[in-house]
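What follows is one structure encoded as structure tokens, with my remarks underneath.
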Amino acid sequence: MGALTLLNKAVKGDSAVQLPTTVQYLSFQLGGETFAIGIRSIREILEYEYLTEVPMMPDFLRGVMNLRGSVVPVTDLALRFGRSQTELGRRTCVVIVEIDDEQSQQLIGVLVDAVHEVLTISLDDIEPPPQFGSKLRTDFIAGMACVDNRFIVLLDIARVLSVEEMTLLAGINQRLGNSMNEESHASQ
């Protein structure tokens, strides 16, 4: 439900409920472009450390990391968006986000080139996602914010990191890998 719809529905009895007029986002760099994620989804920001690769996973799942005893999958957003793999550098970070699915909360790491800053954006400065011309799936975009005369893509991180969709893609990738192995064994 969009922010404007929430504003219209936020009425309690005869008096209006006071809602915030700004939202905070963490901005970051990814392949030369600036993106942002709502700060409420972010758990923490970590320096990039070694990831353990997991066989038969889609390319965008770069591996898993140990976060205080918990296994956390790490997604390369650039690959998820159909771009080339994120090049690791000294400013490369893993942003730990919390995704709520129907049964539980899932921590997922997001690999980014660099983290910039927390932006406070007025709801009036957020435009709906473009219907065409974007290099991303439009369902991945929560909106576009005009900050300092430039647009920043505000991501709908729950859709970008949909556990259901990533599980489905992992299953497809595993089936493709199995069928390729069967074909190579059959040809021998």
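Which residues, counting only those in the stretch 102-129, are over 14 Å from the mean Cα position of the chain (by Cα) and farther than 25 Å from M144 by Cβ?
Across the stretch 102-129, the qualifying residues are E102, Q103, S104, Q105.
Which pairs turn up if I take residues in the stretch 62-73 that are closer than 16 Å to V112 by Cβ and look for partners that are at pLDDT 90 or above and of a type in the set (G, A, S) with beta carbon separation below 7 Å, at least 6 apart in sequence or on another chain?
M65/G109; V72/G109; P73/G109
Name the single residue that is modelled with the lowest pLDDT among those in the stretch 137-171 being in a loop (DSSP other than H, G, I, E, B) and either open to solvent by 20 Å² or more (accessible area, probe 1.4 Å) or touching a Leu at 6+ places or on another chain (Cβ under 7 Å) (or both). If you could, list the steps in order and put the result at the bottom.
We begin by selecting, within the stretch 137-171, every residue in a loop (DSSP other than H, G, I, E, B); these are 137, 148-149, 156, 161-162.
Among the residues that remain, those that are also either open to solvent by 20 Å² or more (accessible area, probe 1.4 Å) or touching a Leu at 6+ places or on another chain (Cβ under 7 Å) (or both) are: 137, 148-149, 156, 162.
Numbers: R137: 72, D148: 84, N149: 84, D156: 91, S162: 78.
Taking the candidates together, the pick is R137.
I'd like the residue in the stretch 57-68 that is in a loop (DSSP other than H, G, I, E, B) and open to solvent by 70 Å² or more (accessible area, probe 1.4 Å) and, out of all such residues, is nearest to S162 (Cα to Cα).
Going through the qualifying residues, I end up with D59.
Within the stretch 25-47, count every residue that is closer than 18 Å to C93 by Cβ and surrounded by fewer than 19 Cβ atoms within 10 Å (Cβ to Cβ).
Kept after step one, since they are closer than 18 Å to C93 by Cβ, are these residues of the stretch 25-47: 25-39, 41-47.
Add one more test, that the residue is surrounded by fewer than 19 Cβ atoms within 10 Å (Cβ to Cβ), and what stays is 29, 31-34, 38-39, 43-47.
Matching residues across the stretch 25-47 total 12.
Of the conditions (1) more than 23 Å from D148 (Cβ to Cβ); (2) within 14 Å of the chain's Cα centre (by Cα), I37 satisfies every one except a single condition; which number is it?
Every condition holds for I37 apart from (1).
Is it the case that some residue within the stretch 68-82 is of a type in the set (S, T, N, Q) and within 14 Å of the chain's Cα centre (by Cα)?
Here is the first cut: in the stretch 68-82, the residues of a type in the set (S, T, N, Q) are 70, 75.
This time we only want the ones that are within 14 Å of the chain's Cα centre (by Cα), so: 75.
Looking through the stretch 68-82, at least one residue is of a type in the set (S, T, N, Q) and within 14 Å of the chain's Cα centre (by Cα).
The values are calculated or read from the model by the stated rules, or taken from the named source; none is laboratory data. Please read these numbers as outputs of a predicted model, since none were measured by experiment. Cβ atoms come from the backbone with ideal geometry, glycine included; neighbour counts cover every protein chain shown. SASA here: full protein model, heavy atoms, side chains in, ligands and nucleic acids out. Shrake-Rupley method; radii C 1.70, N 1.55, O 1.52, S 1.80 Å.
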